[in-house]
Amino acid sequence: MPGLTSPGMMEPVEPQSLKKLSLKSLKRALDLFSPVHGLMAPPDPQSKKIRLSHKIGVGYKGIRSADEIPRPHKDSANQTSGTSNALALPGPNDSKDAQKGGAQNALVVGPSLQPKGLNNVGLSGKSTTIISASGTSDRNYSTSALVERIPSRWPRPVWHPPWKNYRVISGHLGWVRSVAFDPSNTWFCTGSADRTIKIWDVASGRLKLTLTGHIEQIRGLAVSPKTTYMFSAGDDKQVKCWDLEQNKVIRSYHGHLSGVYCLALHPTLELLLTGGRDSVCRVWDIRTKVQVFALSGHDNTVCSVFTRSTDPQVVTGSHDSTIKFWDLRYGKTMLTLTHHKKSVRAMAQHPTEDCFASASADNIKKFNLPKGEFLHNMLSQQKTIINAMAVNEDGVMCTGGDNGSLWFWDWKSGHNFQQAQTIVQPGSLDSEAGIYALSYDITGTRLVSCEADKTVKMWKEDETATPETHPLNFRPPRDIRRF
């Protein structure tokens with residue numbers, strides 16, 4: 001039998017871990033030398049009295065005691081009443097005496113601080129308010145009941161009306177991957193996985209023109225504000241310059257070793273920037289087609305880029321989860337931000353402020369420019385891969401995810417005030433609810449989203465919404481509030 005042993009043999013010792021044996025030894029030592037180790041140490045009445053008097057002095061310094069209230073008549077009743085001037089809180093054993101003590105465990109408030117409906121006529125003839133401090137609630141002993149609350153320093157969000165979808169444009173035969181607006185705000189162009197670029201009228205949504213020339217899907221588009229040129233980049237490693245007066249390609253920029261994922265135009269110089277799967281952001285002279293710099297330093301695909309007129313003039317985000325600032329004079333890295341833990345697939349620069357936001361699957365973060373100081377995270381997590389983001393001058397930022405979620409944020413506070421979900425067009429799978437590109441028009445009042453169900457959707461603010469119909473449900477983050 002497994003439980004029986006012969007008289008000549010010792011009982012088998014149960015194998016135990018070192019941690020368990022140490023805890024057993026510690027317990028035996030405490031049982032031997034400290035038989036009351038399980039009980040709390042007796043309270044020191046003197047230290048408790050000092051602590052409570054300090055907390056009461058801080059919390060109730062604005063309340064005057066009963067002796068400071070001027071009394072017109074003094075009689076014998078006042079002298080024998082025994083009203084205490086101290087602002088006393090009950091101890092653990094005071095609950096039974098609270099009914100007997102009466103005015104001893106009370107805070108006497110002068111007539112100037114007197115709320116309605118709590119009037120008790122005092123012994124002096126003047127009406128005073130007595131706020132009883134008796135009771136057995138644990139809240140009376142907590143610090144939050146005594147220490148003055150500090151208001152949150154987090155900025156309160158501005159109320160924005162919710163956005164609604166007002167137009168669905170279908171015409172592409174593949175995923176719509178990129179979008180760009182004309183500086184005159186009369187048309188916008190979209191690039192798709194069907195290898196075409198389509199130009200649409202902003203006001204009516206009608207198709208104006210279709211351009212062909214790429215042999216793979218088009219991942220990046222930009223329209224020059226100074227000339228009639230449009231630039232496109234795609235998975236076919238090609239970067240093309242289109243003349244929209246002749247509707248044909250007039251220049252091609254060769255040099256990328258793999259697909260080109262993002263594209264941006266310098267606001268003041270005649271420079272074009274492209275980033276792709278070869279982990280390099282290349283800087284091109286628009287007119288001569290010469291590659292000025294190859295900004296190398298990322299360890300993975302460069303999937304987002306934007307440019308500024310002042311340093312840092314180029315900012316890139318990559319699948320290696322870093323953001324790099326580049327010095328265009330020397331083609332060197334100025335700064336590397338390593339705050340994100342996942343791929344930085346989208347970035348958006350504020351049109352008027354010197355700051356930008358970057359989106360990753362872990363979080364949306366806001367950074368200052370030009371030094372790249374981390375400002376704060378957005379107060380919610382979209383919990384999906386964020387492919388695109390855009391922000392307008394009113395401080396409304398939108399982010400589009402792989403699952404078709406379109407979230408709207410207040411730029412200043414990071415508050416998420418609307419969570420919209422795109423609806424796929426009939427005949428598409430639910431899994432095709434993905435947003436790949438977002439862009440506001442020049443005025444910032446209309447939003448265009450490019451989606452995986454082969455449609456282009458246009459959004460605008462709901463004119464009928466008011467702060468009463470759509471109230472602002474905002475709670476400051478806990479790590480900023482004191483309590």
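The values are calculated or read from the model by the stated rules, or taken from the named source; none is laboratory data. Because the structure is a prediction, the values reported are computed rather than measured. Don't worry about glycine lacking a Cβ; one is built from the backbone with ideal geometry, like all the others, and counts go over all protein chains shown. To get the accessible areas, we keep the full protein, side chains included, count just its heavy atoms, and leave off ligands, DNA and RNA. Shrake-Rupley method; radii C 1.70, N 1.55, O 1.52, S 1.80 Å.
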Can you pull out the residues in the stretch 251-275 that are of a type in the set (Gly, Ala, Ser) and closer than 19 Å to GLY213 by Cα? SER252, GLY255, SER258, GLY259
Yes or no: the stretch 180-192 includes at least one residue that is assigned to a strand (DSSP E or B), of a type in the set (Val, Ile, Thr), under 15 Å from PHE231 (Cα atoms) and under 29 Å from the mean Cα position of the chain (by Cα). no
Log entry, pairs with first residue in the stretch 27-40 being modelled with pLDDT of 65 or more, second being open to solvent by less than 90 Å² (accessible area, probe 1.4 Å) and outside any loop (DSSP other than H, G, I, E, B), beta carbons closer than 8 Å, six or more apart or on different chains, reads none
Any residue that is of a type in the set (A, V, I, L, M), under 19 Å from ALA346 (Cα atoms), in contact (Cβ under 8 Å) with a residue 40 or more places away in the chain and open to solvent by 20 Å² or more (accessible area, probe 1.4 Å) - is there at least one of those in the stretch 265-274? yes
Within the stretch 199-228, residues touching a residue at least 24 places away in the same chain (Cβ under 8 Å) and part of a loop (DSSP other than H, G, I, E, B) come out as VAL202, GLY205, GLY213, HIS214, GLU216, GLN217, SER224, PRO225
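Step by step: first the residues of the stretch 242-260, then only those that are of a type in the set (D, E, K, R) and open to solvent by less than 70 Å² (accessible area, probe 1.4 Å), then the one that is nearest to THR274 (Cα to Cα). Which residue is that?
Within the stretch 242-260, the subset of a type in the set (D, E, K, R) is 243, 245, 248, 251.
Next, only the ones that are open to solvent by less than 70 Å² (accessible area, probe 1.4 Å) stay: 243, 251.
Working: ASP243: 19, ARG251: 15 Å.
By that ranking, first place goes to ARG251.
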Looking at GLY395 and the list (1) under 13 Å from the mean Cα position of the chain (by Cα); (2) in contact (Cβ under 8 Å) with a residue 60 or more places away in the chain; (3) over 16 Å from LYS457 (Cα atoms), which single condition is not satisfied? (1)
Residue tally, condition assigned to a loop (DSSP other than H, G, I, E, B) and buried (at least 18 other Cβ atoms within 10 Å of the Cβ), over the stretch 156-174: 5
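Taking strands (runs of 3 or more DSSP E) that fall entirely within the stretch 307-416, which contain at least 3 residues that are hydrophobic (A, V, I, L, M, F, W, C) and either more than 21 Å from LEU273 (Cβ to Cβ) or open to solvent by 20 Å² or more (accessible area, probe 1.4 Å) (or both)? Walk me through it before giving the result.
Numbers: elements: 314-318, 323-327, 332-337, 346-349, 355-359, 364-368, 374-377, 386-391, 396-401, 405-410.
Passing ranges, in order: 396-401, 405-410.
Assess whether THR445 counts as being out of contact with any strand residue (DSSP E or B) (no Cβ under 6 Å at 6 or more places or on another chain), in contact (Cβ under 8 Å) with a residue 12 or more places away in the chain and closer than 19 Å to ASP201 by Cβ. Break it down stepwise before answering.
On the way: out of contact with any strand residue (DSSP E or B) (no Cβ under 6 Å at 6 or more places or on another chain): yes; in contact (Cβ under 8 Å) with a residue 12 or more places away in the chain: yes; closer than 19 Å to ASP201 by Cβ: yes.
So THR445 passes the test.
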Would you confirm, using the coordinates I've provided, whether VAL292 is open to solvent by 60 Å² or more (accessible area, probe 1.4 Å) and either at pLDDT 95 or above or not polar (S, T, N, Q) (or both)? yes
Please enumerate the residues belonging to the stretch 296-306 that are crowded, with 17+ Cβ neighbours inside 10 Å and over 24 Å from ALA390 (Cβ atoms). GLY297
Is it the case, given these coordinates, that CYS241 is under 19 Å from GLY444 (Cβ atoms) and in a strand (DSSP E or B)? no
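Kindly indicate the residue of the stretch 2-24 that is hydroxyl-bearing (Ser, Thr, Tyr) and surrounded by 10 or more Cβ atoms within 10 Å (Cβ to Cβ) and also modelled with the lowest pLDDT among those meeting that condition.
The initial filter retains those residues of the stretch 2-24 that are hydroxyl-bearing (Ser, Thr, Tyr), namely 5-6, 17, 22.
Add one more test, that the residue is surrounded by 10 or more Cβ atoms within 10 Å (Cβ to Cβ), and what stays is 5, 22.
Working: THR5: 50, SER22: 88.
Top of the filtered list is THR5.
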Taking the stretch 181-208 and keeping residues aliphatic (A, V, I, L, M) and open to solvent by 50 Å² or more (accessible area, probe 1.4 Å) leaves ALA203, LEU207
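Kindly indicate whether LEU438 is assigned to a strand (DSSP E or B) and either in contact with a Gly (Cβ under 7 Å, 6 or more places away or on another chain) or β-branched (Val, Ile, Thr) (or both).
On the way: assigned to a strand (DSSP E or B): yes; either in contact with a Gly (Cβ under 7 Å, 6 or more places away or on another chain) or β-branched (Val, Ile, Thr) (or both): yes.
So LEU438 passes the test.
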On the basis of being open to solvent by less than 30 Å² (accessible area, probe 1.4 Å) and farther than 18 Å from ALA357 by Cα, does ASP453 make the cut? yes
Scan the stretch 272-303 for residues that are assigned to a loop (DSSP other than H, G, I, E, B), among the β-branched types (Val, Ile, Thr) and farther than 10 Å from SER318 by Cβ and report the count. 3
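Being in a loop (DSSP other than H, G, I, E, B), surrounded by 18 or more Cβ atoms within 10 Å (Cβ to Cβ) and free of Cβ contacts under 8 Å to residues at least 40 places away in the same chain, is that true of even one residue in the stretch 422-434? Let's see the steps before the verdict.
Of the residues in the stretch 422-434, the ones in a loop (DSSP other than H, G, I, E, B) are 422-429, 433-434.
Narrowing further to those that are surrounded by 18 or more Cβ atoms within 10 Å (Cβ to Cβ): 422, 424, 433-434.
When the remaining residues are screened for being free of Cβ contacts under 8 Å to residues at least 40 places away in the same chain, the result is 424, 433.
Looking for residues that are in a loop (DSSP other than H, G, I, E, B), surrounded by 18 or more Cβ atoms within 10 Å (Cβ to Cβ) and free of Cβ contacts under 8 Å to residues at least 40 places away in the same chain, one finds at least one in the stretch 422-434, hence yes.
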